[in-house]
Every structure is written in structure tokens, then in C-alpha cells.
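S.K.: Right, I'll just put the structure down here and ask away after.
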Amino acid sequence: RKHLDYTLLDNLKNLRSKIRQHYSPRSSDSVWDLKLGVGGIRDVELFVHALQVIHGGKNPKLQVRSTGEALGLLKESKILPAEDCEFLKAHYWRLRSLENLVQARNDEQTHLFEKSLPVPPWAAQIVAGLEMDLENCDRIVSTLLGVSSSPIAEAQPKAASTAEIWDEILKIDVLSRNKDRDEHARLQFLNEFYETLQKQKGDIDKALQRLKEFIKSTRAKASFFTLLVRNKNLMDELAWLFGHSPYLSQILSSRPELIDSYVYRSQDLQHGDLGLLLEQLVEKRLLGELINGSHYLEDRNVELLQTNLSDTADEICRSLLEELKKEFPSTLQILALGKWGGRELGFRSDLDFILVSQAEPNEADAKLARRLINRLTELRKGGNIYSIDMRLKPSGKAGPMVIAAGE
């Protein structure tokens, strides 16, 4: 995969958990299940294949069939520590050797190895350290795939109003092809989210109402629950936003796809496709409000908030102007006025500005100016990029939008 689905590792964890719950009892004080027991052949294969799925999209060399070969490539790529790679490879082939031995002895397809079975000297050396090797393999595999999960007890809000909203949230079915795995992730997220709300002492009823809207807007996709369960800091921030800011909560509820960019605190703008760029610029404004708004809720620094929102407007307008100049070559530059010029923009502030030309403005400059204003103000998904207030122009609202630098 070139892009990892957030549910992938949980799917693999669930698979390992089911194998352990179903087959581990076959291992006992007197018998090892070489293939399906804890730390056995299947554990090694599942662990290696998981790493191939995760990293193989970006590193095609890892797309091989052999488990032993894959371990060598994981070592070479430094994805897995060399010591772990060497141990797993040796352990895997030791288990295969014992498997071949017991199948030849019994003349049947079996993976159960009796600990009291008389073995040749080469096998005795393996058996002597096998218990420790199985434990070491389990330790390594569990760092990625974990162990079997325990049932989750649902939170029980005491207040009647809270309990009513909570019940409505619990009734929203997860959108998934793997109900068992993703229902566990959903319940885990909901319970941890509710506990976080209690600790943060925000408005729990309003936060849960916003959470319900957010879940509905994501269509209750399992990947969102899994992402939030795996990222505790993000869950804390989301709970804080929902409990303290109706405006920022509404942004996330209306545009849940912004959560990826919110996690990484960045967004790459794709120049060359104007339609795509315009959509991304709307998202950039919303993302800027989310990130800077969440910082403000922590530090209550109004001046820093206004400066950061003004910087976001700078970057958005500069990117759009440069893209439009590819169609309308011009020397036009933006001169910010009003709150923008004073670095005092707030949420949803209008932009006050004029366009300045190095020479006497011409028809191309006028076309570029009209195109810039239209692109900034036209409605798109998520609203317009910015609204514009023309009243602060030197000659008033009816005056020219473009002036020469000498004026």
C-alpha cells in the first residue's frame, strides 16, 4: 500500500487474536503447537507479511513471497532491527525443521510436537531453548500486532440529558465490513472520549451533541475510530474542541476529511491544477482556523492568534495570485489594508486590500484583479476562500482596484 489504512493494523491484530484464542489451547505443558501456537510459525509469517503490507507500497523490493527472504530485506531496509531479523529468521527455520521432523516421524500433516519425544542431537539443541525462543518471538510480534483484546464496558452517564445523547450515539452503527473488529474500536473510542470529557470539565452535553454530528458526518467509518484510538493526543484535542468551541467543532463536523491534515499540522498545495488548488485553499483556511484556534484555547493569546490567521491569509492569497499570473502575466502585488494589514485578522474576517502595479495598470492587470477577487469570493465546498471588503480603498468602494506603485 502507498497509503496505510488506519484499520489495517487492527485488522491484523484481530486476526492474531482469533488465532491465539482458537489454537493456543492446543499448546500445553506437554505439547508445543509449532505452527499456530504463541510465537510459532504463523506468528512469524503474520508479522513479516504485516510489515510487507505497510512498507511494500513505497519499497517494492519487499514484495517477495519467501518469509526468509523478506526478513533479509527488512534488515537491509532497516525497518526492523538487525538483531530481531536474524533471530526471527533463525527461529522460523528451526521451527520448520522440527515441523518436518515430527511429520516424518508420524507420517502425517501435524504441527503438534510432544516435548517428551526422543529427538536427534541437532533437534535436542533446538528443543532445549525453544520455550525461551517462543517467548522472545511473541515479544517481538506483539510490538506490532499486540495480543488478544478484552471486552469493553460501556460508560454509564448519570445525568438524564447526557444519558439520552449517549444512547443516541451508541445506536449509530459503525460502517465496516469487519463488524467484530471495528465495533470494538468504536466502543473503545467512545468510552475513552467520554472519560476525557469528564477530565477536561467542559460542557459534556454539548460536546456529545457535537460528537454525534461528527460521527454522522464521517458516516461512522471505522477508520476514524481506529485513528482516534491510536492517537491519544488527537482524541484529547478533539474532546477539548467539542467541549469548548462550537465554531471549531462545526468546522470538523462539516469537513471531517480535514482531520488527516490536522494530525500532521500541514498541507501540501498542488499547483498546476487551478480547480484543485482552489479547493485546497479553502481547506487551508479552515485548517488554519482549526490549528490556531486550538492553540488559542490553550494559551488564550489573542495577538498570536491574529498574527497566525493573518499569516495564513498571506500564504493563501500569494499562492492564488501566483497561480493566476500563469494565465495573466503581471507585476501585480497585494497590499493588505485594515485588520489584515495590521495583522489583526480574526475568524471569518473580511480581507481589505488593493493591488499595486509597478507600471501604469493595463487591461491584463484589470483582468487578473477581477479573476483574483472572483476566485477568492466564489462559493465552493466549505464556503468561499475569503470575503472581501472594498470600502478601505484609497478612492473608496467605487474606485479602481488596481493602482500604480507611484500613486
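Read-outs: derived from the displayed coordinates by stated rules, not from any lab. Just so you know, these numbers come straight off a predicted model, no measurement behind them. Note that each Cβ is placed from the backbone with ideal geometry, even for glycine, and that neighbours are counted across all protein chains shown.
S.K.: Mind ordering 72-84, 31-43 by average Cβ neighbours within 10 Å, highest first?
M.R.: Details: 72-84: 15.5, 31-43: 22.5.
Those peptides, ordered most packed to least, come out 31-43, 72-84.
S.K.: Helix by helix, which DSSP H runs in the chain go 24 Å or more along their axis at the Cα atoms and have an average Kyte-Doolittle hydropathy of -1.0 or more?
M.R.: 82-106, 274-299, 302-324
S.K.: Can you give the helix-only mean residue ellipticity at 222 nm for the chain, where every DSSP H stretch with n ≥ 4 adds -39500 (n - 2.57) and the sum goes over all residues, rounded to the nearest 500 deg cm²/dmol?
M.R.: Helix-only estimate at 222 nm: -19000 deg cm²/dmol.
S.K.: By the gyration tensor of its Cα atoms, with a ≥ b ≥ c the square roots of the eigenvalues, what is the shape of region 283-325: rounded for a/c under 1.5, prolate for a/b over b/c, or oblate? Can you show the working numbers first?
M.R.: Details: a/c = 6.18, a/b = 2.39, b/c = 2.59.
Cα axes put region 283-325 in the oblate bin.
S.K.: Once you have a ≥ b ≥ c as the square roots of the Cα gyration tensor eigenvalues for region 317-396, tell me rounded if a/c is under 1.5, and otherwise prolate or oblate according to whether a/b is larger than b/c. Don't skip to the answer; put the middle values down first.
M.R.: Values: a/c = 1.95, a/b = 1.25, b/c = 1.56.
In terms of gyration-tensor shape, oblate.
S.K.: With r defined as the distance between the Cβ atoms of Glu315 and Asn374 and R0 fixed at 22 Å, what FRET efficiency is calculated, to the nearest 0.05?
M.R.: Taking R0 as 22 Å, the efficiency between Glu315 and Asn374 is 0.65.
S.K.: Which entries of Lys35/Lys115; Lys158/Lys206; Lys58/Lys89; Lys201/Lys221 show an alpha-carbon separation above 19 angstrom in the structure shown? Show your work: numbers first, answer last.
M.R.: Values: Lys35/Lys115 15 Å; Lys158/Lys206 16 Å; Lys58/Lys89 23 Å; Lys201/Lys221 28 Å.
Checking Cα-Cα distances, Lys58/Lys89; Lys201/Lys221 exceed 19 Å.
S.K.: Give the label of the value calculated from the structure for Cα Rg over 2.2 N^0.38 Å, choosing from (i) 1.03; (ii) 1.38; (iii) 1.09.
M.R.: Only one option fits the structure, namely (ii).
S.K.: Another question, then. Long-range amide H contacts for Leu345: which residues qualify at under 5 Å (H placed 1.01 Å from N, peptide plane, sequence gap of 5 or more or a different chain)?
M.R.: Ser310
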